[in-house]
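Notes to accompany the following structure.
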Amino acid sequence: MPRPTARYVCQSCGAVYPKWSGRCDACGEWNRIEEEAAAEAPPRGLGAAPGRRLDLQPLDMATPDAPRRTTGIAEFDRVCGGGLVAGSALLIGGDPGIGKSTLLLQVACRLAAEAGVACAYVSGEEAVEQVRLRATRLGLSGAPVQLAAATGVRDIVATLDARDGPAVVVIDSIQTMFVDALESAPGTVAQVRASAAELIRVAKRRGACLFLVGHVTKDGSIAGPRVLEHMVDTVLYFEGERSHQFRILRAVKNRFGPTDEIGVFEMTDAGLAEVPNPSALFLADRRGDVSGAAVFAGMEGTRPVLVEVQALVAPTSLGTPRRAVVGWDSARLAMVLAVLEARCGVAIGLNDVYLNIAGGLRIAEPAADLAVAAALLSSLSGEPVAHDTVVFGEIGLSGEVRPVGQTDQRLKEAAKLGFARAILPRRPERPRARRDGSGDSAGLNGAIGLIDIAHLEDLRPMFADAPAGRRMRG
């Protein structure tokens, strides 16, 4: 019998090459191509069944709403779109030690103890006793959750496919699972893809909710092939620093709810505690009347969130000024700095610039441009932004300040937290508010005054001591 030839597979995207190379031409990753034994036939999973004719149904049939199973953890249910859908598969990724296993153990115990749902926790990395110790430490040892330590997908599928199989299953983690029909080692592209496919197939057939824990790479993405994210219904990322007590659960894909929704948790001795009002938490340690700080009224999914943008502009002794960014896009900061100097004549380029989003939250919304510009001008001039003012708006390359969506929700959240004024883009349907902030927002009954600006240069008079440079306003 001829020996099967070896092949080289990229562990990031699954591309196959006849020989090894340092860089994958498909995804551009370096040192991710590894040798695998070529199978004599395409992998068939755990078995093949004879084909049958599909039961085609018309599109105009009435379909009942899919019932959702709430976990009792409001922040988790919010991220999932209101609860768990039967037959859905959820992939949860995050850095090691961030709290993925703790959160899912809490979810399983809450469902089993309060809702009477049959839950199973299958660990491929820890022994059963280790999981029990964690549950005891969290005060969850009395929950009727079934535990198992296994890595064989065939055995797990047989357990889930039984008549008394669980309704909620946690697999921790998918990189440790393996299908014995494949020769490759656990964690490789073929094993991760085949294991996930078999587990998702049996979960959808049985109507069970499947949680898959995924490892992440150095750049923060789910380890393994990108096709894994397309196979599941929901992809959640657990963000935050291990040295910080706050954790952000973010939905980047959800077939049953909105994306970019976040849930905020706080790491305590009793596990992860949900934070119902993230804005008040992120602003709890804020000091008023400090230069270089501005409060940004942002949107995370359907929820308005207020966070503090901190900037520090300092002289440099180096030939190339330093730019350090935490929680925001560094390329976006470079654009704002260029617009300030080229369109507004603010001499800022020969200084070190440090930008931080307080609270550990990462912001990807363009509406934070104006808050970043206000924080930079405040730090450069030494004049603080008024402590009762929120800022939001998108900046264009010509210096114009563009309107952003969901303005009323942002203003209502600011008014609820006691802010009196807002610096925001000018909207065509509303007359320009007076510079003293006495303009009123419709629907807020005069609770918050508005300062509308159309160009970034309109923001500079609020910080009169900002050093000027050459002006190139177009």
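All of the numbers you see were taken from the coordinates with simple rules; none came from a lab. Computed from a predicted structure; not experimentally measured. Quick reminder, even Gly has a Cβ in these numbers, built from the backbone with ideal geometry, and neighbours come from all protein chains shown.
In the chain, the calculated helix contribution to ellipticity at 222 nm averages -6500 deg cm²/dmol per residue, counting -39,500 (n - 2.57) for every DSSP H run with n ≥ 4.
Based on a Kirkwood Rh over C-alpha pairs, give the Stokes-Einstein translational diffusion coefficient of the chain at 20 °C and viscosity 1.002 mPa s in µm²/s. Don't jump to the answer; show the numbers that get you there.
Details: Rh = 25.3 Å.
After rounding, the answer is 85 µm²/s.
Only alpha carbons enter this Debye calculation for segment 68-275, each as an equal point scatterer, and the log10 of I(q)/I(0) it gives at q = 0.09, 0.14, 0.17 Å⁻¹ is -0.30, -0.77, -1.21. Return the whole-Å distance between the Cα centroid of segment 315-380 and the Cα centroid of segment 71-135. Taking the Cα centre of segment 71-135 as reference, the centre of segment 315-380 is 39 Å away. For GLU261, the residues whose amide H sits under 5 Å from its own are ALA251, ignoring neighbours fewer than 5 places away on the same chain, with H placed 1.01 Å from N. Per-residue packing, averaged as other Cβ atoms within 10 Å, sorts the ranges 7-20, 158-171 into the order 158-171, 7-20, beginning with the highest. Of the chymotrypsin sites (Phe, Trp or Tyr not before Pro) found in segment 228-320, those that fall in a DSSP loop while having at most 16 other beta-carbon atoms within 10 Å are PHE256. Annotation: peptides 103-111, 181-189, ranked by per-residue average of other Cβ atoms within 10 Å with the highest first, follow the order 103-111, 181-189. Left without a cysteine partner by the 4.7 Å Cβ rule in the chain: CYS80, CYS109, CYS119, CYS209, CYS344. Every pair of different Cα atoms in segment 280-343 enters the Kirkwood calculation, which places the hydrodynamic radius at 14.2 Å.
Pull up the DSSP beta bridges for the chain and report the antiparallel fraction as a percent, rounded to 5.
Within the chain, antiparallel bridges account for around 55 percent of the total.
Three semi-axes describe the equivalent ellipsoid of segment 356-397; taken as square roots of 5 times the Cα gyration tensor eigenvalues and ordered largest first, they are 17, 14, 10 Å. For segment 142-193 versus segment 241-295, the inter-centroid distance based on Cα atoms is 32 Å. Within the straight-line cut-off of under 28 Å between alpha carbons, the lysines reachable from LYS19 are LYS218, sequence neighbours fewer than 8 places apart in one chain being disregarded. Based on alpha-carbon atoms, the Kirkwood radius and the radius of gyration of segment 281-462 give Rg/Rh equal to 0.94.
Using 0.36 nm per residue of separation minus the Cα-Cα distance, give me the extension gain between ARG362 and ALA284 in nm, one decimal. Could you put the intermediate results ahead of the total?
Values: separation 78, 0.36 × 78 = 28.08 nm, distance 1.76 nm.
Between ARG362 and ALA284, full extension yields 26.3 nm more.
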